[in-house]
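A short write-up of the structure that comes next.
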Amino acid sequence: MKFNTKLLLGSSIILSVFYSCNSESNTDSTSSNSEASNRLHFSFKTPDWERWVDCDLDFPANAKNDSTNIISFYSASTKAALCFTYPKDSSKIVKNRELKKYKIKSYLDNEEPFQFSQKLPLDQNSLDDLSKKLVSNEGFSDEEYNQVTEVKYIKSETNYSIFRVKCSYKLKARIISTPEISKPVSGTFTFLVRTTKI
């Protein structure tokens with residue numbers, strides 16, 4: 001796994017670490033699976049294309065703020081990127097055994113645990129066209145949510161506890177060149193996350 005530190009401009013300047021896999025298994029899906037697999041992955045489906053990306057998504061702890069860690073992930077093969085936040089310390093993530101839905105945010109605007117945001121190409125023919133990117137709209141409704149379907153303790157390290165987090169999501173994403181047009185996006189992801197021991 002490789003990573004680069006970048007400064008990103010949004011509503012405010014954010015210091016974020018992006019991760020991408022050296023090797024990905026990119027699989028076309030023939031059906032939309034609303035429940036996340038135990039396999040470490042992320043997937044997306046739009047009206048124009050869909051992909052399932054297997055990858056060793058075993059992230060280090062990267063703090064967003066005093067209470068929240070952040071993951072920013074980029075797929076080199078699909079040019080899709082996502083941002084996911086989760087509780088920084090182990091006691092808080094264990095308390096979130098009550099599985100529920102959380103807010104979708106505009107890309108990289110995540111602030112609180114279990115929020116999700118995303119950017120991806122409009123279709124497989126526009127991977128390198130920056131004007132044809134889909135960017136998640138902030139929202140929380142029956143058609144706009146990130147649902148945590150599992151939080152499971154996996155193992156302990158010297159300074160961290162590792163949990164497997166499984167989520168399924170739905171969102172509406174605007175096209176950068178024509179922001180008045182939105183497309184529905186859905187998918188799943190399963191990550192291993194590190195939380196601070198207390």
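How much solvent-accessible surface does ILE70 expose, in Å² to the nearest 10, with a 1.4 Å probe and all protein chains in place?
10 Å²
With all protein chains present, how much of the accessible area of the range 101-198 (probe radius 1.4 Å) comes from carbon and sulfur, to the nearest whole percent?
47 percent
May I ask you to give the solvent-accessible area per residue for the range 51-141, in square angstrom, as obtained with a 1.4 angstrom probe? Intermediate values should be presented prior to the final figure.
Numbers: 3770 Å² over 91 residues.
Ligands and nucleic acids excluded, the figure is 41 Å² per residue.
I'd like the GluC sites (Glu not before Pro) in the range 128-192 restricted to DSSP loop residues with at most 16 other Cβ atoms within 10 Å, sorted by number.
On the way: sites: GLU138, GLU143, GLU144, GLU150, GLU157, GLU180; in loops: GLU138, GLU143, GLU157, GLU180.
Sites meeting the loop and neighbour criteria: GLU138, GLU143, GLU157, GLU180.
Which FRET efficiency value, to the nearest 0.05, do you get for ASN65 and ILE154 by plugging their Cβ-Cβ distance into 1/(1 + (r/R0)^6) with R0 = 30 Å?
On the way: r = 24 Å, r/R0 = 0.81.
With R0 = 30 Å, the Cβ-Cβ based efficiency is 0.75.
From the residues ASN110, LEU99, SER136, which one has its Cα farthest along the dipole of the range 75-140 in the positive direction, the dipole being from +1 and -1 charges on Cβ of Lys/Arg and Asp/Glu about the Cα centre?
LEU99
Work out how much length ALA76 to VAL94 would gain on full extension: take 0.36 nm times their residue separation and subtract the Cα-Cα distance, in nm to one decimal. Don't jump to the answer; show the numbers that get you there.
Details: separation 18, 0.36 × 18 = 6.48 nm, distance 3.25 nm.
So the chain would gain 3.2 nm between ALA76 and VAL94.
Quick one: length gained pulling GLU112 to GLN124 fully straight, 0.36 nm per residue minus the C-alpha distance? Don't skip to the end; give the middle numbers.
On the way: separation 12, 0.36 × 12 = 4.32 nm, distance 3.16 nm.
Length difference between fully extended and current span is 1.2 nm.
Spin-label point model (7 Å from Cα, Cβ direction): what's the LYS197 to GLU138 distance in nm?
3.8 nm
Compute, for LEU192, the solvent-accessible surface of its heavy atoms (probe 1.4 Å) with the complete set of protein chains present, and express it in square angstrom to the nearest 10.
Here the accessible area works out near 30 Å².
The values are calculated or read from the model by the stated rules, or taken from the named source; none is laboratory data. All values derive from a computational prediction rather than experimental measurement. Neighbour counts run over all protein chains shown; Cβ positions are idealised from the backbone, glycine included. Each accessible area value is taken on the protein alone, full model and side chains, heavy atoms only, with ligands, DNA and RNA left out. Shrake-Rupley method; radii C 1.70, N 1.55, O 1.52, S 1.80 Å.
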